[in-house]
Amino acid sequence: MGPIKLTEREQKLWDQVYACRSKVGDGKSIRASIEPAYQLARSLLRRKAIPEMRWRYFVDPTLNVGLKKSRKEVFEENGTRGDAILRHPHFHKYLRYFILGPDLPSQTIAAFCALVRDCKPVTSGDQQLFCDLARRQVRSGRLGRRSAAEEFYKLALELQLHDDMSRAVRDCVMKMRIP
């Protein structure tokens with residue numbers, strides 16, 4: 001859980017990717033980030049540094065809600081295969097997830113971790129508690145419903161909640177009506 005440990009070389013590559021990607025709307029910056037992102041992804045894959053669940057999120061079709069193919073298969077269906085996937089600008093968001101984990105406030109992640117500890121062992125009867133917590137966090141943190149739903153899904157998966165319960169948490173956030 002949380003960010004993965006990068007080697008010194010990987011950190012330098014990540015710094016290049018992050019600096020380039022932070023310039024929104026600048027095509028030149030995005031193009032400049034492609035090679036360092038590719039090298040970083042190759043390094044992480046070579047040393048098997050990507051946490052199993054984060055990789056599974058990318059390659060397992062059952063974890064891509066609403067589609068019958070994995071996120072990797074979506075790239076392939078669109079004509080991008082092999083190492084070309086790692087060079088694709090849309091791969092950057094997955095690389096970010098591989099490295100940093102779910103994009104939620106630290107207090108939200110801590111609250112979810114505490115609930116997992118309090119419920120141990122987590123059972124299907126606890127599902128409503130996780131849904132309620134997610135909704136409260138979305139409202140109090142003024143998080144965007146659509147992006148928060150996917151990040152809560154990732155968090156629930158990483159906390160080893162059952163795939164169905166993780167999806168239920170995602171779905172309850174997606175169904176929220178936020179003023």
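FYI, it's all coordinate maths here, none of it is from the lab. Model, not experiment: these values are computed from the prediction. Cβ coordinates were reconstructed from backbone atoms using ideal geometry, including for glycine residues, and neighbour counts include every protein chain displayed.
Which of rounded, prolate, oblate describes the stretch 2-81, given a ≥ b ≥ c as roots of the alpha-carbon gyration tensor eigenvalues and a/c under 1.5 marking rounded, otherwise prolate only if a/b is larger than b/c? Oblate.
The rule of thumb for compact globular proteins, 2.2 N^0.38 Å, goes into the C-alpha radius of gyration of the stretch 55-113 1.30 times. By the count of neighbouring beta-carbon atoms within 10 Å, fewest first, W14, W55 end up ordered W55, W14.
Beyond a 27 Å Cα-Cα separation, which of these cross-linked pairs lie in this structure: K69/K93; K5/K28; K48/K175? Mind dumping the intermediate values first?
Details: K69/K93 18 Å; K5/K28 29 Å; K48/K175 36 Å.
Too far apart for the 27 Å limit: K5/K28; K48/K175.
Under unit Cβ charges (Lys, Arg +1; Asp, Glu -1), what dipole magnitude, rounded to 20 debye, does the stretch 8-100 have relative to its Cα centre? Intermediate values should be presented prior to the final figure.
On the way: 20 positive and 11 negative charges, 8 e Å.
I would put it at about 40 debye.
Mind pulling the per residue volume of the convex hull built on the Cα atoms of the chain? Å³ is fine. Could you put the intermediate results ahead of the total?
Values: hull volume 23.5 nm³, N = 179.
Taking only Cα atoms, the chain has a hull volume of 131 Å³ per residue.
Sorted ascending by nearby beta carbons within 10 Å, beginning with the fewest, M1, M53 become M1, M53. Applying the Karplus relation 6.51 cos²θ - 1.76 cosθ + 1.60 with θ = phi - 60° to the stretch 42-47 yields 3J(HN,Hα) values of 4, 5, 4, 5, 4, 9 Hz, where x marks Gly and Pro.
The trypsin sites (Lys or Arg not before Pro) of the stretch 80-114 that meet both conditions, a loop assignment by DSSP and at most 11 other Cβ atoms within 10 Å of the site Cβ, are R81. With +1 assigned to the C-beta of every Lys and Arg and -1 to the C-beta of every Asp and Glu, and no other charges, what is the dipole magnitude of the chain about the Cα centre in debye, to the nearest 20? Dipole about the Cα centre, nearest 20: 400 debye.
Suppose only helical runs count, i.e. DSSP H with n ≥ 4. What mean residue ellipticity at 222 nm does that imply for the chain under -39500 (n - 2.57) per run, divided by all residues and rounded to the nearest 500 deg cm²/dmol? Walk me through the numbers on the way to the answer.
Numbers: 10 runs with 118 residues, N = 179.
Roughly -20500 deg cm²/dmol at 222 nm, from the helical runs in the chain.
Relative to the dominant Cα principal axis of the chain, helix 8-21 is inclined by about 80°. All Cα-Cα separations within the stretch 106-174 were binned at 10 Å from zero, giving a P(r) of 23, 62, 15, 0, each value a whole percent of the pairs. Mean-square fluctuations from a GNM of the chain, with a 10 angstrom spring cutoff on Cα atoms, peak among A41, A32, A149 at A32.
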